[in-house]
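The values are calculated or read from the model by the stated rules, or taken from the named source; none is laboratory data. From a predicted model like this one, the values you see are computed outputs, not experimental measurements. Cβ: placed from backbone, ideal geometry, glycine included. Neighbour counts: every protein chain shown. Heavy atoms of the whole protein, side chains included, go into the accessibility calculation; ligands, DNA and RNA do not. Shrake-Rupley method; radii C 1.70, N 1.55, O 1.52, S 1.80 Å.
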Amino acid sequence: MDLKKIIASLSKAEQVELVRLLQYELNVPKLAEIHCGQSKDAVVHCTHCGSADIYGHGTYKGRRRYQCKCCRTTFNDFTGTAVSGIKKVAKFQEYINLVLESVSIRKAASTLDINIKTAFDWRHKILSALSTFNGASFDGIVECDDKQLDINEKGSKHLNRKPYKRQSDRHTKRGVSNDKVSVMVATDRKGNPTMQAAKVGRIDAASIEASIGKYISKDNVLCSDSHKSIISWALSKNIEHHTFVASKQHVKDKCYHVQHVNSLDNRYERWIKRFYGVATKYIANYLHWFVCLEKLKKASQRATDMARIILSNIKAMADYRNIEASYQNLNIIQYSKT
Ligand SMILES: [Zn+2]
């Protein structure tokens, strides 16, 4: 096959289309290859009991199978990952590119010729897998902020609260709305952000600790607004903390400020708009998604990097099945008024 001849026989428009198709094709991460590449030397652990005492159990549909000597469970390369149980792997790996482009469910469904329900499920399987990438220990100065998002129960059959009878029912005794979910946003200066759903209602020291606490230590210096709970949390952890009031001083000692976290916040707002309101039970997944896009912004092989994250998370399917329960967990606040 003389490729040059074939290319010469194409019209200019066809050549341009060929380049587009090739670029697209080359960008689609090949899940089976990536998995082999990353696990060649890695020890395989049982997905059920965690034991490393396993034997090979042949291959099935291109996936290596294993059996655990301890619990006798059989599993394969993709067990537990977002890819497990996916029959159309070729389309699923193409979907990773579409997630990187933040395309809508409708657009993804038509591009891949799959139905809307499948496109929706695949999106959330992939996003559930990205959780491991949302949050890592911070380096140096950390800026943090809390943001309130409206609670959106679209698609839910049952409201999590009693319906409001009057306007004042929307507020707790301290005047803070119960229809908001608080998200903790934090970033260091090395492009390592995290965004974690913290609590329904107003944040307190406990929800700060549970959401971003494990990523911040005494070695960091924290900058934030003067939220009382952030101040008391930082004090309890013995973390150097500088606070800022938006209308007053903006930078201390030339390096302490909250401009990075504010601009991160603005980018999130611009990005999330395209989805026209996100059901709160999926908010954690959208936060993983946005953080992942931010962290991969400068990566040269974004699709392959994202595929690696997806394949290395063997808890993804469990998280995906637990979306509802995780939301209920977040929803620990009791609606005090009747
Ligand atoms: Zn086992």
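Entry remark, region 298-321: residues being in a loop (DSSP other than H, G, I, E, B) and either at pLDDT 95 or above or of a type in the set (A, V, I, L, M) (or both) number 2 in total.
Scanning region 193-211 for residues that are part of a helix (DSSP H, G or I) and buried (at least 22 other Cβ atoms within 10 Å of the Cβ) turns up Ser207, Ile208, Ser211. Within the set of pairs 6 or more residues apart or between chains, which connect a residue that is under 22 Å from Tyr60 (Cα atoms) and among the aromatic types (Phe, Trp, Tyr) inside region 86-109 to a residue that is at pLDDT 95 or above and not in a loop (DSSP other than H, G, I, E, B) with Cβ atoms less than 7 Å apart? Listed pairs, sorted by first residue: Phe92/Trp122. Every residue in region 304-323 that is surrounded by fewer than 21 Cβ atoms within 10 Å (Cβ to Cβ) and small (Gly, Ala, Ser), please. Hits for region 304-323 are Ser312, Ala318.
So, Leu287, is that one touching a Lys or Arg at 6+ places or on another chain (Cβ under 9 Å) and closer than 24 Å to Lys190 by Cα or not?
no
In a residue-by-residue description of region 91-106, the property of being modelled with pLDDT of 85 or more and over 30 Å from Arg267 (Cβ atoms) applies to no position.
Selection within region 239-289: residues that are closer than 30 Å to Gly155 by Cα and among the acidic types (Asp, Glu). The member of this set that is surrounded by the most Cβ atoms within 10 Å (Cβ to Cβ) is Asp265. Quick check on this structure: which one of Ser236, Ser232, Ser224, Ser217 is hydroxyl-bearing (Ser, Thr, Tyr), farther than 19 Å from Lys147 by Cα, touching a residue at least 24 places away in the same chain (Cβ under 8 Å) and open to solvent by less than 80 Å² (accessible area, probe 1.4 Å)? Of Ser236, Ser232, Ser224, Ser217, the one residue that is hydroxyl-bearing (Ser, Thr, Tyr), farther than 19 Å from Lys147 by Cα, touching a residue at least 24 places away in the same chain (Cβ under 8 Å) and open to solvent by less than 80 Å² (accessible area, probe 1.4 Å) is Ser217.
Among residues of region 240-255 that are farther than 12 Å from Ile141 by Cα, those with a beta-carbon under 7 Å from a residue that is open to solvent by 100 Å² or more (accessible area, probe 1.4 Å) and in a loop (DSSP other than H, G, I, E, B) at least six positions away or on a different chain give the pairs Phe244/His250. For region 121-150, residues that are over 15 Å from the mean Cα position of the chain (by Cα) and open to solvent by 40 Å² or more (accessible area, probe 1.4 Å) total 4.
From Ala129, Ala186, grab the single residue that is closer than 17 Å to Val291 by Cβ, in contact with a helix residue (DSSP H, G or I) (Cβ under 6 Å, 6 or more places away or on another chain), at pLDDT 95 or above and not in a strand (DSSP E or B).
Ala129
For region 270-281, filtering for residues that are in a helix (DSSP H, G or I) and either touching a Lys or Arg at 6+ places or on another chain (Cβ under 9 Å) or among the β-branched types (Val, Ile, Thr) (or both) leaves 2.
Could you check, for region 69-79, whether at least one of its residues is of a type in the set (Asp, Glu) and crowded, with 17+ Cβ neighbours inside 10 Å? Yes: region 69-79 contains one or more residues that are of a type in the set (Asp, Glu) and crowded, with 17+ Cβ neighbours inside 10 Å.
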